[in-house]
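The structure appears right after this line, and notes come after that.
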């Protein structure tokens, strides 16, 4: 091999070996680097998975509340142990008050979704909910149906190949266009 | 048969080897930190980076030995300098430590609030308690460090087992009370505000599922006191935002069969702990590399003179 070729080929070969080691020993970092630097289809797919996880989280949440705390869907609930405890703490509080809270997610509008590091993500969404309280014993309405809209920031983590919600906080997000009264 | 000792300088291409190892490290670091926004500590904490970094020592040691054998002074300086710089990198990666401790009056050390530590460092517990914050202008903080009393001023350094510590901030934690509608106390606590980002700064009281988010009041009051006369309170119970307005000191706010209010609380301090060792290897390494480069320029200059 000529000297000139050697000076080009060897550094590139070294770079190739580095990337190979990265892909084998640090898979998450490697794919995260690819995602962030190239964007494209894979990034869109990851973000779509994050959004689906948040939607699933909220759907199963409404089931827990509407059933008064029946944990039938607990295994499918994409949430950390701490969040699960928090949900059932709230359900217990409602039960002690003799109430059931029936939630209904009318709309979920993503604002930003970011894959922040290998295996973690943050998403800000605007959620519009209808809710009403019922008597826990006989299911008679205790309040009129009401609507509310608020921003939420979710923190997610990849665990065993799937996204789970590990935390959330209310977020000050501008309400997306229109809707008043009861949200369909 | 006579065996000739291998001359290290006979090993070809060690400089190319060095460049080939350094290139991917540099590219990865720049793209991870500036392209992906990863913290530098995370960027270097990948196995591929650590393997290539460790391999960098090989060509540098070869160069060091070769320059000793050939007695080329300037190359020896540069190689020794590079070796020290690489070693400093390892020391920083493995042994760096900095942490933050949040302590209220009469509160002992229970752990670090935030830590940035190298892989070979164990968190060093500090037997410290904040006894009192006085009104003195100078040494106003009275602490107990391993049972011994010390009076300290703000930012005055003190040490414990190789850690350099200092009190960097003093704040006041408002005292929050949550009662039932009948006036029975559910819980009371001094809340250290500002330990995390405001949007995630919430606390819970007793067994209530409600989250209480506290932040600066929307409309700032005129009175100056350690605890503001009004704060912004957001009460959230799962998806429902129960309350989202300013509240005034000592004025109860009623919500869902309970009430919450706050009063002046107790002082607390932020203590910064660092294990700091003067990076002698870094300074010496840079000096040697610089000296080697200068020496090489002089030699090249003399050669030019001789040739002309």
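The values are calculated or read from the model by the stated rules, or taken from the named source; none is laboratory data. Given the structure is predicted, the values throughout are model-derived calculations rather than measurements. Neighbour counts run over all protein chains shown; Cβ positions are idealised from the backbone, glycine included.
Quick notes
- Condition met for residue A:40 (surrounded by fewer than 16 Cβ atoms within 10 Å (Cβ to Cβ) and within 10 Å of chain B (Cβ to nearest Cβ)): no
- Number of residues in the range B:236-271 that are more than 12 Å from chain A (Cβ to nearest Cβ), in a strand (DSSP E or B), without any contact (Cβ under 8 Å) to a residue 60 or more places away in the chain and in contact with a strand residue (DSSP E or B) (Cβ under 6 Å, 6 or more places away or on another chain): the value is 5.
- For the range A:160-179, residues that are assigned to a strand (DSSP E or B) and out of contact with any strand residue (DSSP E or B) (no Cβ under 9 Å at 6 or more places or on another chain) total 1.
- Scanning the range B:59-78 for residues that are assigned to a helix (DSSP H, G or I), closer than 20 Å to residue B:298 by Cβ and either in contact (Cβ under 8 Å) with a residue 60 or more places away in the chain or out of contact with any helix residue (DSSP H, G or I) (no Cβ under 7 Å at 6 or more places or on another chain) (or both) returns B:70, B:73, B:74, B:75, B:76, B:77, B:78.
- Matching residues in the range B:21-58 - criterion: being away from chain A (no Cβ under 11 Å), more than 17 Å from residue B:94 (Cβ to Cβ) and touching a residue at least 12 places away in the same chain (Cβ under 8 Å): B:29, B:58
- Residue check for residue B:54: at pLDDT 90 or above, in contact with a helix residue (DSSP H, G or I) (Cβ under 9 Å, 6 or more places away or on another chain) and closer than 22 Å to residue A:29 by Cβ: yes
- Some residue of the range A:21-29 being part of a helix (DSSP H, G or I), more than 10 Å from chain B (Cβ to nearest Cβ) and exposed (fewer than 14 other Cβ atoms within 10 Å of the Cβ): yes
Okay, residues lined up against (1) closer than 25 Å to residue A:149 by Cα; (2) within 9 Å of chain B (Cβ to nearest Cβ):
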position: A:46; (1), (2): no, no
position: A:58; (1), (2): yes, yes
position: A:65; (1), (2): yes, yes
position: A:78; (1), (2): yes, no
position: A:90; (1), (2): yes, yes
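- Counted residues, the range A:84-106 - those being surrounded by 18 or more Cβ atoms within 10 Å (Cβ to Cβ), in contact (Cβ under 8 Å) with a residue 12 or more places away in the chain and in a helix (DSSP H, G or I): 3
- Restricting A:35, A:51 to those that are within 11 Å of chain B (Cβ to nearest Cβ), crowded, with 16+ Cβ neighbours inside 10 Å and on the phi < 0 side of the Ramachandran plot reduces the list to A:35.
- Scan the range B:27-49 for residues that are assigned to a helix (DSSP H, G or I) and either modelled with pLDDT under 90 or surrounded by fewer than 17 Cβ atoms within 10 Å (Cβ to Cβ) (or both) and the total you get is 14.
- When the range B:151-173 is filtered for residues that are touching a strand residue (DSSP E or B) at 6+ places or on another chain (Cβ under 8 Å), exposed (fewer than 15 other Cβ atoms within 10 Å of the Cβ) and free of Cβ contacts under 8 Å to residues at least 40 places away in the same chain, the ones remaining, listed by number, are B:153, B:154, B:155, B:156, B:157, B:159.
- The one condition in (1) surrounded by 13 or more Cβ atoms within 10 Å (Cβ to Cβ); (2) touching a helix residue (DSSP H, G or I) at 6+ places or on another chain (Cβ under 7 Å) that residue B:120 fails to fulfil: (1)
- Residue selected from the range A:152-184 under the condition facing chain B (nearest Cβ under 10 Å) and over 20 Å from residue A:84 (Cβ atoms), by the criterion modelled with the highest pLDDT: A:171
- Filter pass, residue A:112 being exposed (fewer than 14 other Cβ atoms within 10 Å of the Cβ) and assigned to a strand (DSSP E or B): yes
- Of the criteria (1) out of contact with any helix residue (DSSP H, G or I) (no Cβ under 9 Å at 6 or more places or on another chain); (2) part of a helix (DSSP H, G or I), which one residue A:126 fails: (2)
- Residue match in the range A:39-50 (condition: touching a helix residue (DSSP H, G or I) at 6+ places or on another chain (Cβ under 8 Å) and in contact (Cβ under 8 Å) with a residue 24 or more places away in the chain): yes
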